[in-house]
1. Sort segment 238-371 into rounded, prolate or oblate with this rule: let a ≥ b ≥ c be the square roots of the eigenvalues of the Cα gyration tensor; rounded if a/c is under 1.5, and if a/c is not under 1.5, prolate when a/b is larger than b/c, oblate otherwise.
2. Order these peptides, 33-42, 268-277, by their mean beta-carbon neighbour count within 10 angstrom, highest first.
3. Among 207-216, 147-156, how do they line up by average Cβ neighbours within 10 Å per residue, starting with the highest?
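Bear in mind that the values in this text are calculations on the coordinates, not laboratory data. These figures come from a predicted structure and were not determined experimentally. Ideal geometry is used to build each Cβ from the backbone, glycine not excepted, and the neighbour counts take in all protein chains shown.
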Amino acid sequence: MKLRQKSYLLTVLLIAAFLYTSMVLLLLPNIRSTVDSAEARTLGEEKALAMAVDGLFSGLNEEERIRYARAFTAYDSGNATFAIGRDDVFWAMTEPIPPATEPGKVRWYLQDGRTVIACTDMLPDGVWIRYRLDATDVIAGLTRQAVVSLLLCTLLIGGIAVTLYVVQERINRPVERLAHELRTPLTVIRGYGELLERAKLTPEQQHAAASYIVAESERLGEISQKLLTMADARKNVFRPERVHLNELSEHLKRTYPTLITEIRWDALTADRALLLSMLGNLIGNAVKASEPGAPVLMRATEGLIEIVDSGSGMTAEQLRYVNDPSHAKNPSIRSGLGVPLCHEIAALHGATLTFASKEDEGTTATVRFGEMK
């Protein structure tokens, strides 16, 4: 895994941890408030029932208390049950019987798959009341709130992750392209530099080698600036001029000695640096796909430039990718090709780039120029 991929994953994980932690911290006060409210309601209803029972029982004997206690079984608060008794004797009850708890305290528990709150109160003469309130709806409400919050937080994290990925790609794509494009000019500069350093050359040869180094250095500066701003594909990146294909082919031959050219198209209007980058990519890929020393043909006719090799060709999957890199899955292709960049450069010139290939029969890359965008 690349460093930038690790950094991206770490950043997303840290953001997720921060947002989930923040969500929990924001939910906790509301959960506590809801729980406290449910407990206060249970105690309040129980106290009201206890006062009613205590007032009714005042001055009654045991038998009368039992009779009136049973009358209370008709009490219905919607989702409450209770029991009345003294010592270990139940005088009256509604089902299910709430458990005993410490007076003035509440207890949460599960009964028959439902969440309930229970409390106990002691009346004078040892009479007790056990009260139970069904809190299933309270827990269901808190659960829904937690699930919705979790879903929204997850969607937010997903949105941030996608945004970070897009931003990272916009930042890294020009850098990766630049690294790809620097290889060929740097190889030429290094080659001629070593030639000047180690070989005995005539003054004319020295001048020619120095000229190539200067030309490639200028190309490096120009293509670097264009590639670093090309992500926006704005018009100010594209600087058309009259480009003579014979002169361009001679430049390419100095970099690729096995290149053979058939030029029947004098000149076209194009961005020289970008056009040279695209053709250099296509020719470089053709050279790599061919046997060492095998010729690669660049053929140019009116409105058409073709790069033809007799190399190993491509599989159907690889061919789908090079013809539509934005939608097809990137298969394992030697040297990376830089095909998406070539497609973008072609599009800036109002051209289309297509590949035709069969395994063991070579590949033909065709650039068809139309009306410039």
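1. Details: a/c = 1.90, a/b = 1.25, b/c = 1.52.
Oblate.
2. On the way: 33-42: 15.2, 268-277: 21.5.
Result, highest mean Cβ count within 10 Å first: 268-277, 33-42.
3. Highest mean packing first, the order is 207-216, 147-156.
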